[in-house]
Amino acid sequence: MQLSIDRKEIDKLLMVGDKVLIKPGHPNSRTKSGLYLPPTVQESEKIQSGYIIKAGPGHPLPTQVDESEVWKKKDDTVHYLPLQAREGDLAVYMQNAACEIRFNDDCYMIVPHSAILMLVRDEGLFE
């Protein structure tokens, strides 16, 4: 999927539910023995890693309805169970669950939170 959005407009993107937007890292282009791998082999890896650019609000929670107190006003706001992943985290995720999109020739992945295997959080990374 190809979208043309300015870089400053990436802040306008809203992730839905438990989805996260990940900028994939550069996979190793060489094996431990020194052989160079073609891009098709690198992309077919089952597990990838990248930095989380945007995170959704989380899993929606069912509304609490109290039938015994009918005079109370119903709360129409949606409440969410927040995600463990945050912007700036390094995520290790399953490649087969990810959906690739492109913004101005940059590759991003939309990944459900359940496909993230591990997070690495460095608080001082972007300071």
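The values are calculated or read from the model by the stated rules, or taken from the named source; none is laboratory data. As the structure is a computational prediction, the values presented were derived from the model and not from experiment. Glycine gets a Cβ as well: all are built from the backbone with ideal geometry, and neighbour counts include every protein chain shown.
Summary of computed values
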item	result
Some residue of the stretch 58-66 being modelled with pLDDT under 70 and not in a loop (DSSP other than H, G, I, E, B)	no
Filtered residues of the stretch 1-57 (kept if in contact with a strand residue (DSSP E or B) (Cβ under 9 Å, 6 or more places away or on another chain), at pLDDT below 65 and of a type in the set (A, V, I, L, M, F, W, C))	M1, L3, I5, L37
Residues satisfying the stated conditions in the stretch 84-127, i.e. at pLDDT 90 or above and in contact with a Gly (Cβ under 7 Å, 6 or more places away or on another chain)	A91, M109
